[in-house]
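The values are calculated or read from the model by the stated rules, or taken from the named source; none is laboratory data. Everything numeric in this text was worked out from a predicted model, so none of it was measured. Here the Cβ positions follow ideal geometry from the backbone for every residue, glycine too, while neighbour counts run over all protein chains shown.
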Amino acid sequence: MGVAQGRPRTLSFAGPWNPLLAAEADDPVALGLRESARRMIGIAAFSGVINILMLSGPLYMLQVYDRVIPSRNLATLFGLSLIVLFAYLAQGYFDALRTRMLCRVATLFDVGLQESIHTALATLPLRGVKPVLMQQPLRDLDQVRAFMSSMGPTAFLDMPWIPIFLIALFLFHPAIGMTALLGTAAIIAMTLLTERMSRGAPRRRWTLARSGRCWRMPHSAMPKSSGRSA
């Protein structure tokens, strides 16, 4: 046989071994974020349905002005009202379902990192980490979990629908589309300005906390009150 005896079997890769990719494959945080991003695909489908149902109100008003008011037909108004009511109920149901799915994704991410977080909390004192930084992994996990279960991911999922809504508004009327475009630009500008102004807030809180600990007087140095009255 052509295979040499005693030669260790090796796995064949498509390219050379990359230590960065290997480290990323062993990182539990990267694996958890990758699994959470894979679960977000289904939530993106619900976001698409919700954004389509958001057009029910404007379409209802257009149909009322185009069909109901000129003809004065109450049956048409009643039918359109039932349709838009059903659309609003479906939108509320899908929105609540999307919120529950985001909480589920955040909970699965938290559960998947519990073992790694507890291992880090147990080994950080052995590595000589300062006591004030020992709880930092747990705080980081809480922040990521809170972001996943909040409205932050829904903003990213709804962002691709902004150009579609702007195009639809421009088709209705150029003035309406321009007003919506200016409003969108103003919201984005205020968001960037707020993020820039609040960027140094955690650093200032950290400095104030450290200064407070430095100026805190220990219990042994506090003056003891005498039992005798003056």
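Being in contact with a helix residue (DSSP H, G or I) (Cβ under 9 Å, 6 or more places away or on another chain), more than 29 Å from MET148 (Cβ to Cβ) and in the same structural domain as MET148 (by TED's automatic domain parsing): is that true of VAL29 here? Answer is no for this residue.
Just to be sure, is GLY32 of a type outside the set (Phe, Trp, Tyr), touching a Gly at 6+ places or on another chain (Cβ under 7 Å) and at pLDDT below 85? Spelling it out, GLY32 is indeed of a type outside the set (Phe, Trp, Tyr), touching a Gly at 6+ places or on another chain (Cβ under 7 Å) and at pLDDT below 85. Within the option set ILE41, ILE50, being hydrophobic (A, V, I, L, M, F, W, C), under 14 Å from LEU157 (Cα atoms), touching a Lys or Arg at 6+ places or on another chain (Cβ under 8 Å) and part of a helix (DSSP H, G or I) holds for one residue only, ILE50. Looking only at residues of the range 121-137 that are β-branched (Val, Ile, Thr) and modelled with pLDDT under 75, we find that the one that is surrounded by the fewest Cβ atoms within 10 Å (Cβ to Cβ) is VAL132. Looking across VAL144, VAL105, VAL84, one residue alone is modelled with pLDDT of 85 or more, under 14 Å from the mean Cα position of the chain (by Cα) and part of a helix (DSSP H, G or I). It is VAL105.
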